[in-house]
Amino acid sequence: MPSSALLRVSLRSRARLTMSLTSLRPLHFSSRNPRNPRNKMMKSGIYVPPIPRLRSVIASANGTIHTARSVDYDWRDEGLSSYVKRQQSASYGRYAYDDYSEDDSDRDVESSSVASNKGASTLDNVDEWKWKLSMLLRNEREQEVVSRERKDRRDYEQIAAVAERMGLYSRQYAKVIVFSKVPLPNYRSDLDDKRPQREVSIPTGLQREVGALLGDYLARKQTNRESFPHLPFSRSSSTDSFANDEGLFEQQDPQTPTSTVMEKILKRRSLQLRNQQQAWEESPEGQRMLEFRRSLPAYKEKQALLEAISRNQVVVVSGETGCGKTTQLPQYILESEIDAARGATCSIICTQPRRISAMAVSERVAAERGEKLGESVGYKVRLEGIKGRDTRLLFCTTGILLRRLLIDRNLKGVTHVIVDEIHERGMNEDFLLIVLKELLPRRPELRLVLMSATLNAELFSSYFHGAPMIHIPGFTYPVRSNFLENVLEITGHRLTPYNQIDDYGQEKSWKMQKQALRKRKSQIASAVEDALETADFREYGSRTRDSLSCWNPDSIGFNLIEAVLCHICRKERPGAILVFMTGWDDINSLKDQLLANPFLGDPSKVLLLACHGSMASSEQRLIFDKPEDGVRKIVLATNMAETSITINDVVFVVDCGKAKETSYDALNNTPCLLPTWISKASARQRRGRAGRVQPGECYHLYPRCVYDAFTDYQLPELLRTPLQSLCLQIKSLRLGSISDFLSRALQSPEPLSIQNAIEYLKVIGALDDKEELTVLGRYLSMLPVEPKLGKMLIYGAIFNCLDPILTVVAGLSVRDPFLTPFDKRDLADSAKSQFSCRDYSDHLALVRAYEGWKDAEREHSGYEYCWKNFLSAQTLKAIDSLRKQFIFLLKDTGLVDENFSTCNKWSRDENLIRAVICAGLYPGICSVVNKEKSIALKTMEDGQVMLYSNSVNGREARIPYPWLVFNEKVKVNSVFLRDSTAVSDTVLLLFGGNITQGGLDGHLKMLGGYLEFFMRPDLASTYLGLKRELDELLHNKLLNPRMDIQTSEELLAAVRLLVTEDPCSGRFVYGRQQLTPKKTKSLLSAKSSGGGGGDNSKSQLQTLLTRAGHDNPIYKTKQLKNNQFRATVEFNGMQFVGQPCSNKKLAEKDAAAEALEWLMGGNSSGSRGIDAMSMLLKKSKNKHHRRV
């Protein structure tokens, strides 16, 4: 007998049990053996999403077994692999929000029977669960067990311990416990009886007006189609679109062969380049430069490098800090080609991971060649660069080369590609290596050089089939390392539990609380806990030992850094100081603290500078300048200063030992941006920065034993970040299946991360069901921003509200311009509230702040405006620069023409701007339920979430909109939403994702059924019609960017009218497919009478269902804490809940009346109405409902 059958037979002999066994679908990315113990399952590193479909098995007390009724609720309707089909069980209460208490359902009184084993002992229950879990492991078709029993919740800890020993996973979700063969996420919306279900209503007059406009549009569209059948109205496929034209994405090889004349021209130019190079080398200045270059360690390996490159298609070069590989190796190749009279035909591309690196290195190389930038050496970063007709060596960011591959898949004309800093394992670099590996067989003459600053060249060599490796020893002066125990001895600084809490200001209070002593250790503290316990500090003084005993690993150590800097400035020899911090918040906060120090804040003694990737290029360059005599330069930098840039006058390094690293929890689909310990390789790189010009010192602000516990190398970015942008690039380069392509990476990401990214791209409309690029996807691949921000730009251009959207997208691409000084928090909050204008939108507040700054700039009072309104002038300038870049990009796509004013016709329509923001940020959607004293926010993947305190919505006591769209969520202690905009039901329905129809008329679903909307059928028809026509208009516009959408004025008028006038008068309800319309007067009187009318409602419902060919309705009653009763009636896969009543009989009557009123639409319940409804149910039985 099959094990599943055995389980069901056994359940017959037990008291009432509600549980579910989940059918296991074939998962192509999981190869886990269900019988393996848990530790083996974890070694595979594969997480499987929650189950796509759930089958509920309910065993009642009388021994009969029936399968629970089910609704067509499939999380995969839109391909969302990480969302599960909603499961219903008999003991699940469904009540409207406004009169439901969670505690009400604790006392269950079933009308059929009462559980007999309510007082079963814990021991018996655990023994019973041992058997159930054994059956689960034996049954390969089942994947999890779900229970809602109170006794199981009571004994959860003991049962969970048993499950863990058996290699199973367990988790408790409110009043539901789950045991599974695969890891379980933190939140399961399918088990949440309070997931968002929304009743939608709009004024009848508004609906009538919108319907009339839509009707006029459809009539005119039909007339045009009949008169001109080839108009864009009829185009619905992208196969003939301009965006699918090969010419747009790939340069065609010219058909005219190189003529003898061209060969002569190239030869002549090559000779000119050789003569110029020789002239420079023979000049006095050139001789001095050559002498310096020959002193670098790389020069000794010059011939070996050039010979290896000429003989091999791929060469891996590793070189320690200061060896000169970044500046010298590209020059050696260029000089070799010019000396061989091939200068005019060679083309060398050298990639750098960061903008500042590409610019700084290109400037240095040009100077060493005695040229200006743009001659033989140039650079190109995003929408900025200097490159001339004769440029033969181009330094660029990795993203620029990837975009070149988008239009030139074979890199035609390129002779050498150098990928620098590959040891950092950035996502773009790993992606580029896969592309280049596949390109090399097609281009046998192309040479690839990989350069790494660490000694892990074997990994890259083996990836390229044993490519030869060359190591260049570095030349640095000796650097003395001082770990925390030595630093405390040298400086005399004393650590206490109270002086290690870093001051980030009031708005970052959660960061300060996180550092305080707490029961639960953080991840960063746990990582070094064992190392600290076994450490021996006996050789140090008692003061140092006391300090080390209370050292807080969670703290960056602002006060300690200040003490170290004071010690160096007062007692050590001259030389610049480089301080490694984790991110912009740390740099800014520490800089403020240092400026308040009487000594370090004195500009005549100390030059304090910051270095961060988001700073303007001109500001970043300041760190390379030498200060005046007698002034000590201190640079506060992130880990970009480890290898990407070299500040030559650095003698002292202060290393906090941490870096802000993005990690990605694929199971919960949540990114985390938290400080983590660096690797040993990074620590060596940081230390090496101190020995460039003379012997140096490095102050590590962590003990030696902690350094010994570091990992050797950092985890590659490909394994710890969301992959949406990368997947989009893979499809735009036509590299085949995303999963197959990424499986060829140096280290492949986990399958669930890939699947999450693919499903996200499908939800936003960038990929179709076959994982091919849509027309929208092709546009998104042309914009070097996140897909969601690219979509927002495209919609802003189409809907003629581009100017504010440019500001929003630019603002989301850099950091927040709103500042909140510690001592002026109230004033800063007041200034930001002034910009919000109670519009419940961080994005609209940003638009107003930027526009005010632009007005002030025109009057030459920009800095005064920023000071008065607590805004960062630097960030606003960065936003202004990005806006200009985005305009150029949109012009390249054809969506924006030279007449920019036409794109801003509706830039003052704030409701339309809100809708475009929603279109971009969806599916970042959060439901808003206003309670008496708080606001409840819930997302699909996280359940309850919170808003950052600096959000304009975070300070509101009530938000009069049902939804928030958000740009970013970050898990710190809880999940926080950063910036958000409130939107109406209409905005979400029309500008969100796909809408599907539910089992009932007037029932609409989004996000695979997580979001449900209930409304009158005619209103649902209006929304569906508008959505369909709007999507078609957008599709046609993308196919033909020159099309004027104003020709669809009736449709646009209808959309704008509905978006503007929606009063958000609906409400949230909780209960499966439950809709509680307004009660008619006759029904209210019938209910209140408690006489024959009530009995009649039950008999009428019975008659209606019998005539329609359905089984009898099932009534279930729950006793509430106030000694009242609430009944639920179930039939045909539907469930209706009545109001609380004084006894069970009245409760059942009320539930029947509720069902009748919904079915009859509030009409007369006479025999003619019942006959009509019976026929309707018969028709809808097969059409809408699937009875199991």
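Nothing in this text is a laboratory measurement; each read-out follows from the coordinates by a stated rule. Note that this is a predicted model, so its numbers are computed, not measured. Ideal geometry is used to build each Cβ from the backbone, glycine not excepted, and the neighbour counts take in all protein chains shown.
List of remarks:
- Using the average count of surrounding beta-carbon atoms within 10 Å as a protection proxy, the listed peptides 303-313, 1009-1019, 355-365, 531-541 rank, highest first, as 355-365, 1009-1019, 303-313, 531-541.
- Spin-label pair residue 737-residue 1112: with each label point 7 Å from Cα along the Cα-Cβ axis, the two points sit 5.4 nm from one another.
- The length gained on full extension between residue 225 and residue 712, counted as 0.36 nm times the residue separation minus their Cα-Cα distance, comes to 168.7 nm.
- Between residue 936 and residue 599, the simple label model (points 7 Å from Cα in the Cβ direction) yields a spacing of 5.7 nm.
- Each peptide in 833-846, 334-347 was scored by the mean count of other Cβ atoms within 10 Å over its residues; highest first, the order is 833-846, 334-347.
- Cα gyration tensor, region 722-762 - rounded (a/c under 1.5), prolate or oblate: oblate
- Residue separation of residue 994 and residue 141 scaled by 0.36 nm, minus their Cα-Cα distance, works out to 303.9 nm of gained length.
- For region 289-305 versus region 944-982, the gap between their alpha-carbon centres in whole angstrom: 56 Å
- Put a dot 7 Å past the Cα of residue 269, heading toward its Cβ, do the same for residue 1053, and the two dots end up 5.9 nm apart.
- Filter on 633/868; 791/1027; 905/1005; 372/877 - keep pairs with C-alpha separation over 25 Å: 633/868; 905/1005; 372/877
- Loop-located trypsin sites (Lys or Arg not before Pro) across region 690-735 with a Cβ neighbour count of 14 or fewer within 10 Å are 734, with loop assigned by DSSP.
- Only beta bridges with both residues in region 260-472 are counted; by DSSP, about 10 percent of them are antiparallel.
- Shape analysis of region 702-839 places it in the oblate category; the axes a ≥ b ≥ c from the Cα gyration tensor give an a/c of at least 1.5, with a/b not above b/c.
- Taking a straight line from the alpha carbon of residue 1116, these aspartates and glutamates sit under 16 Å away, with near neighbours fewer than eight places off in the same chain left out: 104, 106, 108, 110, 1130, 1148, 1150, 1154.
- Cα-based shape type of region 260-472, given that a ≥ b ≥ c are square roots of the gyration tensor eigenvalues and the cut on a/c is 1.5: rounded
- Protection proxy ranking for 1056-1065, 211-220, using the average of other Cβ atoms within 10 Å per residue and placing the highest first: 1056-1065, 211-220.
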